[in-house]
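Colleague: Handing you a structure now.
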Amino acid sequence: MIVELRQYTLRPGRRDELIDLFDTAFVESQEELGMAVLGQFRDLDRPDMFVWLRGFPDMAARGRALPEFYGGPVWQQHGPAANATMLDSDDVLLLRALVPPPLSARGPLAPGALMQATIWYGDRPFDDAVAGALPGAVAVFTTEYAENNFPRLPVREGEHALVWFSRSDVAAEAPAGSGVVRTERLRLAPTARSAFR
């Protein structure tokens, strides 16, 4: 599975506006085209950040689905309103799943539902076998090195990332000898329509 980890910087105070629009207009409309809207989150430490995950069976499917969606009627109708909430939507890691996220039915959330994402950036690619065996993970992703086949939506290039999701707030340790040069931790609250929770 190919996954985009998308972190949007929003205009102050407009995150709930985007989440309402996203959850009503952009979930089923993308999934009808073969994409998987895996998870949508409020970043608990950055009040103007919206984080979400979108999945594809493979890069070829991504190359077909994205032009269809962004050239289609739903985006034409609602895209300008979504874009009006954003300052930056280009912080995107293109990943592949080593441990795919478990998905739940969309609906009421348990009180205090929380996900933690730890992103390690390395000086070289991470070893899949070691990275996929991280303890306590509910999902693990690593950089997909294929060329971006929808350049209209930029992705970060030239980075080696390993992304570890858990349901606890315990600080994870990077795989030994992995050449980590930077670590980013996100505390994420799923939205009501997030399937990854």
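The values are calculated or read from the model by the stated rules, or taken from the named source; none is laboratory data. Note that the coordinates shown come from a computational prediction; the quantities given were computed from them, not determined experimentally. Glycine also receives a Cβ, built like all others from the backbone with ideal geometry; neighbour counts cover every protein chain displayed. What goes into the accessible areas is simple: the full protein's heavy atoms, side chains included, and nothing from ligands, DNA or RNA. Shrake-Rupley method; radii C 1.70, N 1.55, O 1.52, S 1.80 Å.
Colleague: Name the one entry in Leu98, Leu109 that is in a strand (DSSP E or B) and surrounded by 14 or more Cβ atoms within 10 Å (Cβ to Cβ).
Modeller: The unique qualifying residue is Leu98.
Colleague: Of the residues in region 37-47, how many are surrounded by fewer than 21 Cβ atoms within 10 Å (Cβ to Cβ), assigned to a strand (DSSP E or B) and touching a helix residue (DSSP H, G or I) at 6+ places or on another chain (Cβ under 8 Å)?
Modeller: Count: 1.
Colleague: Does Gly79 satisfy the criteria of being without any contact (Cβ under 8 Å) to a residue 40 or more places away in the chain, among the small types (Gly, Ala, Ser) and either touching a Pro at 6+ places or on another chain (Cβ under 9 Å) or open to solvent by less than 10 Å² (accessible area, probe 1.4 Å) (or both)?
Modeller: So Gly79 fits the description; yes.
Colleague: Further, regarding this structure: Do we find that Pro12 is farther than 30 Å from His160 by Cβ and open to solvent by 20 Å² or more (accessible area, probe 1.4 Å) in this structure?
Modeller: When the stated conditions are applied, Pro12 passes them.
Residue-by-condition table, conditions (1) part of a strand (DSSP E or B); (2) at pLDDT below 95; (3) touching a His at 6+ places or on another chain (Cβ under 6 Å):
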position: Ile119; (1), (2), (3): yes, no, no
position: Ala133; (1), (2), (3): no, yes, no
position: Ala137; (1), (2), (3): no, yes, no
position: Asn148; (1), (2), (3): no, no, no
position: Leu188; (1), (2), (3): yes, no, no
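Colleague: Quick one: in region 48-73, which of the residues that are part of a helix (DSSP H, G or I), open to solvent by less than 20 Å² (accessible area, probe 1.4 Å) and small (Gly, Ala, Ser) is farthest from Asp20 (Cα to Cα)?
Modeller: Ala61
Residues are listed down the side, and each one gets a yes or a no for (1) of a type in the set (Ser, Thr, Tyr); (2) free of Cβ contacts under 8 Å to residues at least 12 places away in the same chain; (3) over 22 Å from Asp45 (Cα atoms); (4) in contact with a strand residue (DSSP E or B) (Cβ under 7 Å, 6 or more places away or on another chain):
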residue: Pro101; (1), (2), (3), (4): no, no, yes, yes
residue: Tyr121; (1), (2), (3), (4): yes, no, no, yes
residue: Val130; (1), (2), (3), (4): no, no, yes, no
residue: Phe150; (1), (2), (3), (4): no, no, yes, no
residue: Ala171; (1), (2), (3), (4): no, no, no, no
residue: Thr191; (1), (2), (3), (4): yes, no, no, yes
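Colleague: Given the structure, is Leu134 more than 18 Å from Gly34 (Cα to Cα), of a type outside the set (Ser, Thr, Tyr), in contact (Cβ under 8 Å) with a residue 12 or more places away in the chain and crowded, with 16+ Cβ neighbours inside 10 Å?
Modeller: Working: more than 18 Å from Gly34 (Cα to Cα): yes; of a type outside the set (Ser, Thr, Tyr): yes; in contact (Cβ under 8 Å) with a residue 12 or more places away in the chain: yes; crowded, with 16+ Cβ neighbours inside 10 Å: yes.
Against the criterion (more than 18 Å from Gly34 (Cα to Cα), of a type outside the set (Ser, Thr, Tyr), in contact (Cβ under 8 Å) with a residue 12 or more places away in the chain and crowded, with 16+ Cβ neighbours inside 10 Å), Leu134 qualifies.
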